[in-house]
1. In square angstrom, rounded to the nearest 10, how much accessible surface does W121 have for a 1.4 Å probe?
2. So between A117 and K140, what do we pick up on full extension, going 0.36 nm a residue minus the alpha carbon distance?
3. Give me the number: length gained by fully extending T207 to D64, i.e. 0.36 nm times residue separation minus the C-alpha to C-alpha distance, one decimal in nm.
4. Leaving ligands, DNA and RNA out of it, rank K140, K47, K84 by accessible area with a 1.4 Å probe, largest first.
5. Given a Förster distance of 41 Å, report the FRET efficiency between R162 and R192 from their Cβ-Cβ distance, rounded to the nearest 0.05.
6. Explain nothing, just compute: Karplus ³J(HN,Hα) = 6.51 cos²θ - 1.76 cosθ + 1.60, θ = phi - 60°, for every residue of the range 95-101 in order, whole Hz, x for Gly and Pro.
7. Could you give me the ³J(HN,Hα) list for the range 62-67, computed from phi with Karplus coefficients 6.51, -1.76, 1.60 and θ = phi - 60°, whole Hz, x at Gly and Pro?
8. Net charge around E176, counting only other residues with Cβ within less than 11 Å of its Cβ (Lys, Arg = +1; Asp, Glu = -1)?
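The values are calculated or read from the model by the stated rules, or taken from the named source; none is laboratory data. Keep in mind that what you see is a predicted model, and the values were worked out from it rather than measured. When we count neighbours, we look across all protein chains shown, and the Cβ atoms used for this are built from the backbone with ideal geometry, even at glycine. Just the protein is used for accessible areas: all its heavy atoms, side chains included, with ligands, DNA and RNA removed. Shrake-Rupley method; radii C 1.70, N 1.55, O 1.52, S 1.80 Å.
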Amino acid sequence: QLGGAVANARLHADTRRQATQLGLLYDAGLTINRELDPRVQLEFLCKIAMTAVQADRAEFFRCDVAGNQMRFEISTGYSEEIQKALPGLTFPVGEERGLVGWVAQNRLPLYLSDVSADPRWITIDSEIRSALWVPVLHEKELLGTLGVSSVRVNAFTPHDERLLISFANQVAVAMENARLYTQSQQNLTRVRNLYELSTEILATTTTEETARVVVQQVVRAAGAHSAM
């Protein structure tokens, strides 16, 4: 009877934890739908992923395709001193030291149950004992890597890995939505500029006036100071 009670309690705890995690995934989806600011999205998704897998730290590295490197973008859970040192941190894609580049190159999750046992680990926060990374992909395109870490050894499970992959998918959707929104705003601005240009040209009566209007619109559209 005692064994059954213990098993039932464990099952109840697992069920409750999975329900909480599903609720967090739902909250992440709501945030993606109502928030288009990329930084706000990433901040929230990092925090909620960290909470879901009971991690102590979380960070996101964005893929810099032109530089073929992973560039630090955002993190949560680190001390203020470490947080100040993270901006500007990069890892070449394929670079094993630091492991972010390895995850980016292989596009596979990576879990270190004890970071001290892997020579590729670079100590940035001496309190971290275990870490888990997953690639962030959108239609096979690498957008970045999402990582969580813990001050406990062997802190994460295969279920946590699958859950973090789900959050990585949410991050990918958020980034794509933000890109599409920015693109649509730029297209809208271009259309508005063309409409204003055509309206002003129609109102001109001389070649000189037409040229002046065109130059003014070109300067405004290009963000330049002058044109000739």
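1. 50 Å²
2. 5.1 nm
3. On the way: separation 143, 0.36 × 143 = 51.48 nm, distance 4.64 nm.
Length gained between T207 and D64: 46.8 nm.
4. Details: K140 175, K47 110, K84 150 Å².
The ordering from most to least exposed comes out as K140, K84, K47.
5. Once the sixth-power term is evaluated, E becomes 0.35.
6. Karplus-based 3J(HN,Hα) across the range 95-101 equals 5, 6, 5, x, 6, 4, x Hz.
7. Running phi through 6.51 cos²θ - 1.76 cosθ + 1.60 with θ = phi - 60° gives 8, 7, 9, 5, 4, x Hz.
8. Working: positive: R179; negative: E139, E141.
Charge balance near E176 sits at -1.
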